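Engineer: Input: one structure, supplied below.
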Amino acid sequence: MQMFLQQVLDGVASGALYGAMALSLVLVFRASGIVNFAQGEMAMIAAYITWQTHTWGLPLAFAIFVAVAVSFLAGASMERFLIRPFGTSSEAHLPLIIVTLGVMLALNSGAGWVWGYLTKEVPPTFGSGAVSFAGASISRQAAGTLVAVAVLAGILFCLFQRTRFGLEMRAASSNPDSARLSGIPVSRMLLIGWGLAGAIGALVGALVAPQLYLQPNMMATMLLYAFASATLGGFDSPVGALVGGLIVGIAENLVGTYVDIIGNDFKQAVAVLIIMAVLLVRPQGLFGTKAVVRV
């Protein structure tokens, strides 16, 4: 029982990060109708910015703030200069996906060119050591990450559900034409949505860097888990992204522990199996909206 509780606790800690990363994918998908394959690499660059500015003497918390701010501007700039020129029609989706793949490769190679491919150690944001809970233990870094993701989710909920700005953002993403007729600056809302996605990804990159160690390919597996989380929860549901992340994190740990044929070395297969199962059984995900097509 203690081992089971430990695996669930570890799964919740990792699932919070998967959910936060999935949330950044969902924000982009709701804004532009595409999947941003460069989201992981953008988070990786933010982690490097955090490490670099910290080595230059900035306090770690302020270094993370700088990385989040830079990533917000980078996400907004990507939407303005690389995504918007293609338009939002369904014919533009494939070229836009290819653009995000190109950005992903460029950022990965650029990080290796600037910082090299040797792993770098990032100090834990919330200190070392562990805390105990009902006979199980969790690192202070993981516990702090849980709190940070919970606070982030609360802020975004209040932003989207309790403010006029959030209402305008939701209107711009769900029905751009009607939003324009209502006087909402749709282009500005979509730009901010991409910026928020970049900022959330930056926070995830900075929080996960102490666990994964900093190197250009550090976010590849994390992005796979984020895709599984967003697919399970629904690509148009921010709540689904967070819930899906928790489910994926717990399932990954339990399957890796109790299913011998998979074990800890093949846990990534769980994410792939979840993606395949959801697409076959319920393509819209647990919380997503089913598409209705008029014949």
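Engineer: Principal axis extents for the chain, Cα atoms only, whole Å, descending order, please.
Structural biologist: 57, 48, 36
Engineer: Relative to the longest principal Cα axis of the chain, at what angle does helix 39-55 sit, 0 to 90 degrees, rounded to 10?
Structural biologist: 60
Engineer: Additional query: Between PHE133 and ASN217, what is the FRET efficiency for a Förster distance of 30 Å, r being their Cβ-Cβ separation, to the nearest 0.05?
Structural biologist: 0.40
Engineer: Just grab the label-to-label distance for PHE157 and LEU254, each label 7 Å out from Cα along the Cβ direction, in nm (one decimal).
Structural biologist: Label-label distance for PHE157 and LEU254, simple model: 2.3 nm.
Engineer: Once both labels are modelled 7 Å past Cα along the beta-carbon direction, what's the TRP113-GLN268 spacing in nm?
Structural biologist: 2.5
Engineer: Working out 0.36 nm times the residue gap between LEU279 and VAL147, then minus their Cα-Cα distance, what length gain in nm do you get to one decimal?
Structural biologist: The span from LEU279 to VAL147 would gain 44.4 nm if fully extended.
Engineer: Run the simple label-point estimate for ASP177 and PHE81 please: 7 Å along Cα→C-beta, distance reported in nm.
Structural biologist: 3.2
Engineer: Please give me, ordered by residue number, the chymotrypsin sites (Phe, Trp or Tyr not before Pro) of the range 8-110 that lie in loop per DSSP and have at most 12 other Cβ atoms within 10 Å. Kindly include the intermediate steps, with their values, before the conclusion.
Structural biologist: On the way: sites: TYR18, PHE29, PHE37, TYR48, TRP51, TRP56, PHE62, PHE65, PHE72, PHE81, PHE86; in loops: PHE37, TRP56.
Those satisfying the criteria are TRP56.
None of the figures in this text is laboratory data; all of them are computed from the coordinates on show. Values in this document were obtained by computation on a predicted structure and should not be read as measured data. Please note: Cβ atoms are built from the backbone with ideal geometry, for glycine as well, and neighbour counts cover all protein chains shown.
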